[in-house]
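Here is the structure we will look at, set down as structure tokens.
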Amino acid sequence: MFDAAPDTTAPTPLLPGESPPSALLRARGLRFDAGGKRLIDGIDIDIRPGTRTAIVGANGAGKSLLLRLLHGLIRPTAGEVLWEGRPLDREGRRNQAMVFQRPVLLRRSVLGNLRFALAVRGLAGPERKAREAEAMERSRLGDLANRPARVLSGGEQQRLAVVRALACAPRVLFLDEPTASLDPGSTHAIERLVAEAHESGVAIVLVTHDIGQARRLGDDLVFLHGGRVVETGRAADVLDAPRSEAARAWLQGRLYLDAPCRLDA
Amino acid sequence: MESFWEILGEAFGLILAWDSDLIEIIGLSLRVTLTAVAISCVIGLPLGAAVGAFRFPGRAAAIVVLNALMGLPPVVVGLIAYLMLSAAGPLGPLGLLYTPAAMIIAQTILVTPIVAALSRQVVEDYYREYAEQFDSLGVGPLDRVAALLWDARYSLLTVALAGFGRAVAEVGAVIIVGGNINHVTRVMTTTIALETSKGNLELALALGVVLLAIAVAVNGAAMTLRASAVRMAYV
């Protein structure tokens, strides 16, 4: 569930007597400035265990940047990211994994890519072999295990990137437009892997441009505009009845122009 | 004086006759050069990879120094190595002057900056692509360097080749520290210089032909290997 400015926050409905689980990942007052512009502006976010969150918005809204800030790949100009209540450090990041829009695969075989990630996590011997086998089966890339990873099709490469991330047993999986420019079959395969990961308890944070995908994979939805959260809530609610003009315009495919927030403004 | 074609004919005659002196000189040349290149790679590749992958204070200066050292004049390297290895020098007690070991040291000094500077550029390009993924996976510094060197192996082969080319064709440094002693430190380049000055052009040209053939063969093999790597998208 996400907290933005009070007038734009839609709380996640809880059952009677249910108390919200504590956040795995919490961002408070997140700000990021670059090139004289405020690209992320005062974002507060809670990611709770096992939740699925879609982050949507127009190009340049700051979606991918927000994902990198949450994953600790970039230091915020101000604000903080907490993992289980403590500042996010290398140890906290070991509980997370990220899949990028363009899969970054090593110049090795399919299996070699998996092995590298598992070795980095300190896995060896039978446990590593078991994880490798599970990932190969899950990805349905078993027949291609010894093929150079970078000669696979775009969909296969992204599938490998997803199972490589999941093989590290993350508690939060960040996905940055994982199916951009993939065909429907490949998109379905990626979404299936993400759904399976969620069923096994992994919290999903997905950046997407695809409204359908946001519905399919998002329970909660965050709409970003100009580096700010302008609307949050249950994905179906926001997508069916957006309250902000920016979200309405985006969903209707209209151009919505306003000046980016400048530091000197 | 004989014509060029007569000398060339006699040179090929020497090569085809598998002249023992010729073989000895070629063997020593390859031993010295390959050893120097191997040592340079052991030092220069990780050094270049570290400079390419890590950000640290003085990095820009380190890159400038590495690049500048690529142009070290061989005679200056030979002179420095000579001063270090001569009886009065710090390494004098080792008694390495005028031995193949001295030539290896001189060539290593010459080639290591080339390997380090070129590998820095190669690794930096790879690292630009991998950095976020490494950060995401939590790859430690040593693992990063090892992974980058492994993934860039086919590109780094070209770097090693550049070092080999520099070392095998080098004459200034090895003649100073090796002394061009017959059956001890005589290599192809120093022999070519000596035999040319003596007017023994057949042997000089025969060695020149062999030197060219080695360069072509090594580059051809590396290119073939690289082409297969390109097919597998490993470059």
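A short reminder: the numbers here are calculations on the coordinates, not readings from a lab. Quick caveat: nothing in here was measured; it's all calculated off a predicted structure. Backbone-built Cβ (ideal geometry, glycine too); neighbour counts: all protein chains shown.
Annotations for the structure displayed:
- With Cα atoms as the point set, segment A:102-164 shows a radius of gyration and Dmax of 10.6, 31 Å.
- Segment A:69-135, relative contact order in percent, only Cα pairs under 8 angstrom and at least six apart counted: 20
- Each 5 Å bin from zero holds the following percent of Cα-Cα pairs in segment B:85-235: 2, 8, 13, 14, 14, 12, 11, 10, 7, 5, 2, 1, 0, 0.
- Paramagnetic label zone (point 7 Å from Cα along Cα-to-C-beta, residue B:68; backbone N under 16 Å) in segment B:116-133: B:117
- Paramagnetic reach from residue B:129 (point 7 Å along Cα→Cβ, amide N under 20 Å) across segment B:194-235: B:223-235
- Packing-based order for B:132-138, B:92-98, using average beta carbon neighbours within 10 Å, highest first: B:132-138, B:92-98
- Hits among aspartates and glutamates - C-alpha to C-alpha of residue A:129 under 17 Å, sequence gap 8 or more where chains match: A:137, A:143
- Lysines with Cα under 21 Å of residue A:37, excluding same-chain neighbours fewer than 8 positions away: A:63
- Working value for chain A: equivalent-ellipsoid semi-axes of 32, 20, 19 Å, each the square root of 5 times a Cα gyration tensor eigenvalue, largest first.
- All Cα-Cα distances of segment A:121-235, cut into 5 Å bins from zero to the largest, leave 2, 10, 20, 22, 18, 13, 7, 5, 2, 0 percent in each bin in turn.
- Under 18 Å from a label point set 7 Å out along the Cα-to-Cβ vector of residue A:28, the amide N atoms of segment A:59-103 belong to A:70-72, A:76-89.
- Shape parameters for the protein assembly as shown, alpha-carbon atoms, Rg then Dmax in Å: 30.9, 109
- Alpha-carbon centroid distance for the pair segment B:16-52 / segment B:75-146, whole angstrom: 14
- Sequence-separation-based contact order of chain B, relative, with Cα cut under 8 Å and 6+ spacing, percent: 31
- Overall, segment A:29-180 carries a charge dipole of about 460 debye about its Cα centre when +1 sits on the Cβ of Lys and Arg and -1 on the Cβ of Asp and Glu, all other atoms neutral.
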